[in-house]
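> The following block contains the structure, expressed as structure tokens.
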Amino acid sequence: MLDSRTIDIVKSTVPLLESANTALTEHFYRRMFRDNPELKDVFNLSHQKTGRQPAALFSAVLAYAKNIDNPAVLSAAVERIAHKHTGFAIQPEQYAIVGHHLLETIKELAPDAATPEVIDAWAQAYGALAEIFIGREEQIYQGNESKTGGWRGTRAFVVKEKQMESEQITSFLLAPADGGAVADYLPGQYLNLHLDSASLEHKEYRQYSLCQAANGREYRIAIKREPGGVASNFMHDRVQVGDTLQVLPPAGDFFMEVSTNTPVVLISGGVGQTPMRAMLDQLLKQGHQANIHWLHACENGAQHAFNNDMQQRRQAHANLNSHVWYRTPAETDQPAEDYHAEGLMDLNQVKDAIIQHGAHYYFCGPLPFMAMVKEQLSAWGIGDDRLHYEVFGPHQTL
Ligand SMILES: Cc1cc2nc3c(=O)[nH]c(=O)nc-3n(C[C@H](O)[C@H](O)[C@H](O)COP(=O)(O)OP(=O)(O)OC[C@H]3O[C@@H](n4cnc5c(N)ncnc54)[C@H](O)[C@@H]3O)c2cc1C
Ligand code: HEM
């Protein structure tokens with residue numbers, strides 16, 4: 001429990017943090033990777049280069065300082081970050097390393113403001129937050145371990161199928177090498193791969209949304225080849241059927257839990273359809289009673305993954321409606337069959353169908369795409385409690 005003086009001192013540093021902005025976390029990561037280079041095998045270094053992880057950490061630190069007297073405001077963020085951490089197998093002892101570099105960063109960037117009182121207050125505040133994360137992460141680790149088919153740490157999985165789903169997206173079916181069961185997950189959650197190969201400069205952790213409903217036997221993920229991307233190109237080019245991959249248990253705070261009478265709208269751009277596919281699969285398997293809308297946008301037919309599967313599902317389920325946008329259809333793409341509208345997704349075109357009392361909206365795709373979806377749905381008066389989204393990278397609030 002932090003005392004009121006500590007809380008006041010931490011809050012008084014908010015203007016200082018705001019003026020430093022992401023220079024704070026960029027400096028923090030630079031010094032941490034210099035002194036603890038082993039952590040280059042833990043963090044995604046592309047997220048450092050693009051600045052997305054320093055930005056995510058900065059928002060978390062600032063939000064903590066601002067709300068340190070009202071931690072309930074932070075609980076959703078704590079939950080998301082704790083799940084993310086478990087996918088990187090973060091251990092309690094690593095919190096001391098991060099804490100040390102955070103305090104040294106404050107001293108180095110603001111030597112005048114970093115009085116012993118300020119440093120002491122931040123040390124206590126960091127310690128309190130670290131304790132919350134360590135406790136929650138241990139609960140998640142234990143939960144994963146105690147599930148039927150569950151485990152802790154990494155487990156060897158064999159690639160049973162590798163299938164091209166579009167020009168850029170390939171799916172992988174993974175089954176445990178030990179032949180045992182696999183833990184269930186909630187639709188929307190992701191799997192964590194730990195890649196280690198002589199062809200990679202560093203070990204890499206990556207998250208991939210599970211793209212079918214849980215079945216207790218195997219996991220399916222689908223990976224888009226990213227230009228210049230380390231892991232996605234490795235998976236596309238190097239990993240073959242029969243290879244073994246190290247896998248951490250499913251995680252994530254983005255998942256669907258709805259009653260059978262709740263209308264569900266699943267909205268995706270490109271490979272962002274993966275978590276939606278698990279949700280759809282689950283809804284159809286459970287014989288969902290209410291309407292389901294599948295809204296998807298992609299470039300054209302060549303980049304439209306899982307198109308045949310979706311068409312079959314639509315024919316088999318009267319309550320499943322789909323609407324697909326192709327940005328630039330090819331001549332061979334069939335209107336009304338492959339796609340329904342040309343150009344970027346515009347929800348106004350389907351507003352009457354998808355505005356339904358009590359409906360929940362799940363969306364995933366590139367950040368500008370999700371910002372547009374959120375803006376349109378919010379403009380219709382749909383509250384944040386019915387809007388759910390996943391960011392395929394360091395989290396950003398839309
Ligand atoms: C919860 C979650 C679920 C996800 N689910 C899926 C999924 O189902 N399917 C899927 O395909 N992906 C998914 N992802 C994304 C996935 O985890 C990887 O981020 C993705 O595959 C890219 O990894 P990579 O190693 O290929 O690219 P990285 O090497 O991590 O690079 C990422 C991007 O940054 C760019 N980049 C690298 N360095 C620089 C630089 N210096 N300057 C500018 N740009 C640079 C790269 O060109 C690339 O486009 C998910 C992510 C999360 C967090
Ligand atoms: C109180 C301390 C910490 C805070 C506030 C914090 C905050 C964050 C935040 C905000 C994210 C992004 C989450 C998201 O994308 O949803 C994140 C991711 C991550 N954190 Fe932490 N973290 C802390 C401690 C640690 C520690 C001790 C480690 C271990 C070295 C660690 C390793 C990571 C890694 C590897 C990622 C993923 C990075 C990526 O995707 O590039 N964190 N953390």
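> Of the numbered conditions (1) closer than 15 Å to Ala128 by Cβ; (2) near ligand 2 (Cβ under 7 Å from one of its atoms); (3) touching an Asp or Glu at 6+ places or on another chain (Cβ under 9 Å), Ala60 fails exactly one; give the number of that condition.
Among (1) closer than 15 Å to Ala128 by Cβ; (2) near ligand 2 (Cβ under 7 Å from one of its atoms); (3) touching an Asp or Glu at 6+ places or on another chain (Cβ under 9 Å), the lone unmet condition for Ala60 is (3).
> Between a residue in region 202-227 that is without any contact (Cβ under 8 Å) to a residue 12 or more places away in the chain and more than 10 Å from Tyr190 (Cβ to Cβ) and any residue that is near ligand 1 (Cβ under 8 Å from one of its atoms) and of a type outside the set (Asp, Glu), which pairs come within a Cβ distance under 7 Å, given they are 6 or more apart or on different chains?
Cβ pairs passing all conditions: Glu226/Ser232.
> Okay, next question. Which count do you get for residues in region 166-180 that are under 16 Å from Arg220 (Cβ atoms) and either open to solvent by 30 Å² or more (accessible area, probe 1.4 Å) or polar (S, T, N, Q) (or both)? Before you say what the answer is, go through the steps one by one.
First, pick out the residues of region 166-180 that are under 16 Å from Arg220 (Cβ atoms): 166, 169-176.
When the remaining residues are screened for being either open to solvent by 30 Å² or more (accessible area, probe 1.4 Å) or polar (S, T, N, Q) (or both), the result is 166, 170-171.
Matching residues across region 166-180 total 3.
> Of the conditions (1) away from ligand 2 (no atom under 16 Å from the Cβ); (2) in contact with a His (Cβ under 9 Å, 6 or more places away or on another chain), Ala290 clears all except one; give me its number.
(2)
> Filtering region 66-103 down to residues that are β-branched (Val, Ile, Thr) and either farther than 27 Å from Lys40 by Cβ or open to solvent by 20 Å² or more (accessible area, probe 1.4 Å) (or both), which residue is nearest to ligand 1 (Cβ to nearest atom)? It would help to see each step written out before you state the result.
Filtering region 66-103 down to residues β-branched (Val, Ile, Thr) leaves 68, 73, 78, 81, 86, 90, 97-98.
Next, from what is left, pick out any that are either farther than 27 Å from Lys40 by Cβ or open to solvent by 20 Å² or more (accessible area, probe 1.4 Å) (or both): 68, 73, 78, 81, 90, 97-98.
Values: Ile68: 27, Val73: 23, Val78: 17, Ile81: 12, Ile90: 15, Ile97: 23, Val98: 20 Å.
Here the answer is Ile81.
> Looking at region 121-150, which of its residues are part of a helix (DSSP H, G or I) and open to solvent by 80 Å² or more (accessible area, probe 1.4 Å)?
Taking region 121-150 and keeping what is part of a helix (DSSP H, G or I), we get 121-146.
Listed by number, the residues that qualify are Glu131, Ile132, Gln139, Gln142, Glu145, Ser146.
> Any chance region 282-290 includes a residue that's assigned to a helix (DSSP H, G or I) and surrounded by fewer than 19 Cβ atoms within 10 Å (Cβ to Cβ)?
First pass over region 282-290, keeping only residues assigned to a helix (DSSP H, G or I): 282-285.
Imposing the further condition that a residue be surrounded by fewer than 19 Cβ atoms within 10 Å (Cβ to Cβ) reduces the set to 284-285.
The answer is yes; a qualifying residue exists.
> For His236, indicate whether it is outside any loop (DSSP other than H, G, I, E, B), of a type outside the set (Lys, Arg) and surrounded by fewer than 22 Cβ atoms within 10 Å (Cβ to Cβ).
On the way: outside any loop (DSSP other than H, G, I, E, B): yes; of a type outside the set (Lys, Arg): yes; surrounded by fewer than 22 Cβ atoms within 10 Å (Cβ to Cβ): yes.
So His236 fits the description; yes.
> While we're here: Does region 239-259 hold any residues that are among the aliphatic types (A, V, I, L, M) and in a strand (DSSP E or B), and which are they? Can you show your working first?
Kept after step one, since they are among the aliphatic types (A, V, I, L, M), are these residues of region 239-259: 239, 241, 245, 247-248, 251, 256, 258.
Residues satisfying the conditions are Leu245, Val247, Leu248, Ala251.
> Another one. Within region 81-108, how many residues turn out to be in contact with a helix residue (DSSP H, G or I) (Cβ under 7 Å, 6 or more places away or on another chain), more than 21 Å from Ala63 (Cβ to Cβ) and without any contact (Cβ under 8 Å) to a residue 40 or more places away in the chain?
The qualifying residues number 1.
> Pairs, please: C-beta under 9 Å, at least 6 apart or cross-chain, first residue under 19 Å from Leu102 (Cα atoms) and β-branched (Val, Ile, Thr) and in region 39-55, second open to solvent by less than 50 Å² (accessible area, probe 1.4 Å) and near ligand 2 (Cβ under 10 Å from one of its atoms)?
Val42/Phe88; Val42/Ala89; Val42/Ile90; Val42/Gln94; Val42/Tyr205
> Determine which member of the set Leu45, Leu17 is open to solvent by less than 40 Å² (accessible area, probe 1.4 Å), within 11 Å of ligand 2 (Cβ to nearest atom) and not assigned by TED's automatic domain parsing to the domain that holds Tyr190.
Leu45
> Consider Gly269 against the criteria (1) open to solvent by 10 Å² or more (accessible area, probe 1.4 Å); (2) in contact with a Phe, Trp or Tyr (Cβ under 6 Å, 6 or more places away or on another chain): it satisfies all of them except one. Which criterion is unmet?
(1)
> Looking for whichever is within 16 Å of ligand 1 (Cβ to nearest atom) and in contact with a helix residue (DSSP H, G or I) (Cβ under 7 Å, 6 or more places away or on another chain) here; the options are Leu320, Leu398, Leu387, Leu367. Which one fits?
Leu398
> On the basis of being open to solvent by less than 20 Å² (accessible area, probe 1.4 Å) and closer than 24 Å to Ala175 by Cβ, does Leu245 make the cut? Before the answer, list the steps.
Numbers: open to solvent by less than 20 Å² (accessible area, probe 1.4 Å): yes; closer than 24 Å to Ala175 by Cβ: yes.
Against the criterion (open to solvent by less than 20 Å² (accessible area, probe 1.4 Å) and closer than 24 Å to Ala175 by Cβ), Leu245 qualifies.
The values are calculated or read from the model by the stated rules, or taken from the named source; none is laboratory data. Source: prediction; values computed, not measured. Here Cβ is always computed from backbone atoms with ideal geometry, including for glycine, and neighbour counts include all displayed protein chains. Calculation scope for accessible area: heavy atoms of the full protein, side chains included, ligands and nucleic acids excluded. Shrake-Rupley method; radii C 1.70, N 1.55, O 1.52, S 1.80 Å.
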